[in-house]
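These notes are about the structure you will find just below.
Any read-out appearing in this document is the output of simple, stated calculations on the displayed coordinates, not a laboratory observation. The structure presented is a predicted model; accordingly, all values stated were derived computationally and were not measured. We place every Cβ from the backbone using ideal geometry, glycine too, and count neighbours over all the protein chains shown.
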Amino acid sequence: MGQCFFSGSNSGEGFHNYFDGVVPEWERLTRYFMIKGGPGVGKSTLMKRVAAKSEEAGEEVERFYCSGDPDSLDAVRLVKRGIVFADATSPHAMDPQYPGAVEEIVNLGEQIDRNRIMKYRDEVEMLTKKNKESYRRGYAFLRAAKALEEERYREIADCVDVEKIEKLAREIAERIGSGEGRQCRRLFLDAISCKGRVSFAKEHCEGNRVYRVLGAEKDVVTDVLVKAIQNDRKELFCSPLCPNRVNHMLLREQEVFFTTEPGTEGTLLLAGELLKKDCSGIASRYAEEARRLEDLAMYCFKECKKIHDELEAVYKKCVDFEAITERTEELLDLLREL
């Protein structure tokens, strides 16, 4: 299987979208298939089939999963050919910028039997409203968690030795042969989801030289460290709770990965050794409370998943899946021709 990411995040700012990071700014986009349609019509299934068939043909594939439901795909990129299939519905709704020339709409919603779905209108509206309310509750908890996390960050930032971290960044840069540049790609490797905390960080350690930052202050130190390393085409993987901060970084050309993920192997950097003074004990209390609020948010997202499954079950009664299978096969045939 190719590499996996999250393109969006349930965050302390609501749903945070880094969908622009699906295609790095230094890569050419040749075709973009924007998949439209309601819940349960088969958008994720279509993308999973595209990914599997492409890998069978020897292609490098990147998968972008949904932070709300990590079993569901938001997008697939065929790396070498610059081809993307993506869910173009809310909360990452998209429309073509260069219709036909680059983007093409794949409207699976055409296969919903309108006469049948109208019979379930009240149920659809009720479930949709309940789903939005559950997300609203979850995001309220995450906003509170982010407020505490920002206070914790300030407490620790006042204790870190920035000059020492910047010196370490220069030493690492010399060691790995990185260079200056401005291009970067932002995505997520971690998610606050209906299945709990999910991370793809460990799989990005494979085949790379790994620098792992551990300790209670690891996220603050890593954020300062990776931002201090100058390199073109940095791939920055942000905190799901605070998307302006970086938890991991991949320098693909140098085959180097920086991570805060526990249970990884590689060069160990202890965050506690990069402080100029001990942090106040309140920082750990902030962390405990923020984590408790995240747990409450994930309980809400679990409820969202249950409601969404009910909504999908309604739509599945009204979808012509034979027609969608035919459309999928047409797209797979088209891919073989491109």
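Just a few scattered comments:
- Simple label model, 7 Å out from Cα along Cβ direction - ARG28 to MET118, nm: 4.9
- Over the range 160-276, relative contact order from alpha-carbon pairs under 8 Å, at least 6 apart, %: 36
- Förster-model FRET efficiency, 45 Å R0, LEU334 and ALA216, C-beta, rounded to 0.05: 0.30
- Comparing Cα centroids, the range 149-185 and the range 270-338 end up 29 angstrom apart.
- Charge dipole of the range 160-276 about the Cα centre (unit charges at C-beta), most positive-ward option of LEU225, GLY266, CYS184: CYS184
- Filter on LYS132/LYS218; LYS43/LYS132; LYS53/LYS218; LYS202/LYS302; LYS227/LYS302 - keep pairs with C-alpha separation over 31 Å: LYS132/LYS218; LYS53/LYS218; LYS227/LYS302
- Summed side-chain charge close to LYS218 - residues other than LYS218 whose Cβ falls under 13 Å, Lys, Arg +1, Asp, Glu -1: -2
- For the range 160-276, a simple Cβ point-charge model (Lys and Arg +1, Asp and Glu -1, everything else neutral) yields a dipole of about 280 debye relative to the Cα centre.
- Mean separation of Cα contacts under 8 Å (6+ apart) over length of the range 186-338, as relative contact order %: 27
- Electrostatic tally near TYR65: other residues with Cβ closer than 9 Å to its Cβ, Lys and Arg +1, Asp and Glu -1, net -2.
- Computed over the Cα atoms of the chain, the ratio of the radius of gyration to the Kirkwood radius (Rg/Rh) comes to 1.00.
- Point-to-point label distance, LYS316-LYS48, nm (Cα→Cβ direction, 7 Å offset): 1.1
- Residue among ILE307, ILE156, ILE176 with the largest mean-square fluctuation in a Gaussian network model of the chain, springs linking Cα atoms under 10 Å: ILE176
- Here is the P(r) of the range 160-276: all C-alpha pair distances, binned every 10 Å from 0, give 14, 50, 32, 4, 0 in whole percents.
- Euclidean distance of C-alpha centroids, the range 45-90 and the range 12-27, integer Å: 15
- Sorted by Cβ density within 10 Å, fewest first, the residues VAL102, VAL224: VAL102, VAL224
- Among TYR139, TYR32, TYR120: highest mean-square fluctuation, GNM of the chain, C-alpha pairs under 10 Å: TYR120
- Computed on the range 1-90, the Cα convex hull volume stands at 95 Å³ per residue.
- The modelled label-to-label distance for the pair LEU268/ARG197, using points 7 Å beyond Cα in the direction of Cβ, is 2.0 nm.
- Degrees, to the nearest 10: 321-337 long Cα axis against longest axis of the chain: 60
- Length-normalised contact order of the chain in % [C-alpha pairs under 8 Å, at least 6 apart]: 25
- Taking every Cα-Cα distance in the range 1-151 and sorting them into 5 Å bins starting at zero, the pair-distance distribution P(r) comes out as 2, 8, 15, 18, 18, 14, 11, 8, 4, 1, 0 percent.
- Taking GLU62, GLU25, GLU303 as the candidate residues, the one with maximal mean-square fluctuation in a Gaussian network model of the chain, Cα springs under 10 Å, is GLU25.
- One way to sum up the overall shape of the range 99-166 is the equivalent ellipsoid from its Cα gyration tensor, whose semi-axes run 47, 24, 5 Å, largest first.
- Couplings for the range 191-207, taken from phi via the Karplus curve 6.51 cos²θ - 1.76 cosθ + 1.60 with θ = phi - 60°, read 9, 9, 10, 5, 9, x, 7, 10, 9, 9, 4, 4, 5, 7, 6, 5, x Hz in order; Gly and Pro are left as x.
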